[in-house]
Amino acid sequence: MQIKKLTIFCGSSPGAKPDYGQAAEELGRFLAKKGVTIVYGGGRVGMMGRLADAALQAGGTVMGVITQHLYNMEVGHTGTDLHVVDTMHERKAIMAEEGDGFLILPGGLGSLDEFFEAVTWSQLGLHKKPCGLLNVLGYFNTLISFLDHACQEQFMALSARKLIISGDDIEHLWKMMDSFSPSDSDKGRWARTLSQFKA
């Protein structure tokens, strides 16, 4: 598949280290250069703002999706193609529909919720879009270890674990995501997973 729009989940906070924001800016410029539209949560602060600003300054296209509640709090990035919706459910549905793939940068509960919902939908066969994790400064090291632990303890099938493409280099991660091509046999993945757990 070829990714023309990438849905990105990331923090509305800047994080404790400047490298996090720098990674967001690098990603924004990288995608702008590739001609890839960024679909994100519409914020103008933290990692979200730096991602959008960098992409726009590099001539890229950015689509933001934000709730009316957050927009009223004056955190909406009006420089983007901003869509204001009523609920978080609407926001997540539009971001899921618009993107040809999903990528998470360092963030908190909201970012993790959105990313793992996308991965879960992939496990269920509801989409075949790549799900990438950009591991800036090893931020997700403990999360990656937990996912491996979940497989070892047989609460996650290895096929589901492999749906999460991770890396710490933007260009290499992008190549893996852009060349992602699930086989037709993936249609029966969830059924096989249930069978494995029943056994």
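Observations, loosely collected:
- Met63 being out of contact with any helix residue (DSSP H, G or I) (no Cβ under 6 Å at 6 or more places or on another chain), assigned to a strand (DSSP E or B) and buried (at least 20 other Cβ atoms within 10 Å of the Cβ): yes
Listed here are the residues, each with its yes/no results for (1) surrounded by 14 or more Cβ atoms within 10 Å (Cβ to Cβ); (2) on the phi < 0 side of the Ramachandran plot; (3) over 14 Å from the mean Cα position of the chain (by Cα); (4) at pLDDT 95 or above.
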residue: Gly132; (1), (2), (3), (4): yes, yes, no, yes
residue: Asp148; (1), (2), (3), (4): no, yes, yes, yes
residue: Ser181; (1), (2), (3), (4): no, yes, yes, no
residue: Asp186; (1), (2), (3), (4): yes, yes, yes, no
residue: Arg192; (1), (2), (3), (4): no, yes, yes, no
residue: Lys198; (1), (2), (3), (4): no, yes, yes, no
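- Scoring Val84 on the criteria (1) over 22 Å from Asp169 (Cα atoms); (2) in contact with a Lys or Arg (Cβ under 8 Å, 6 or more places away or on another chain) leaves a single failure, condition (2).
- Only one entry in Ala54, Ala16 is in a loop (DSSP other than H, G, I, E, B) and either modelled with pLDDT of 95 or more or not acidic (Asp, Glu) (or both), namely Ala16.
- When the test is whether a residue is without any contact (Cβ under 8 Å) to a residue 24 or more places away in the chain and in contact with a strand residue (DSSP E or B) (Cβ under 7 Å, 6 or more places away or on another chain), Met95 does not pass it.
- Taking residues in region 79-92 that are more than 14 Å from Glu114 (Cβ to Cβ), and partners anywhere that are among the basic types (Lys, Arg) and not in a helix (DSSP H, G or I), the pairs with Cβ atoms closer than 8 Å and at least 6 places apart or on different chains are Gly79/Arg44.
The values are calculated or read from the model by the stated rules, or taken from the named source; none is laboratory data. Every value quoted in this text rests on a predicted model; they were computed, and no experiment measured them. So basically every Cβ, Gly included, is an ideal-geometry build from the backbone, and we count neighbours across all protein chains shown.
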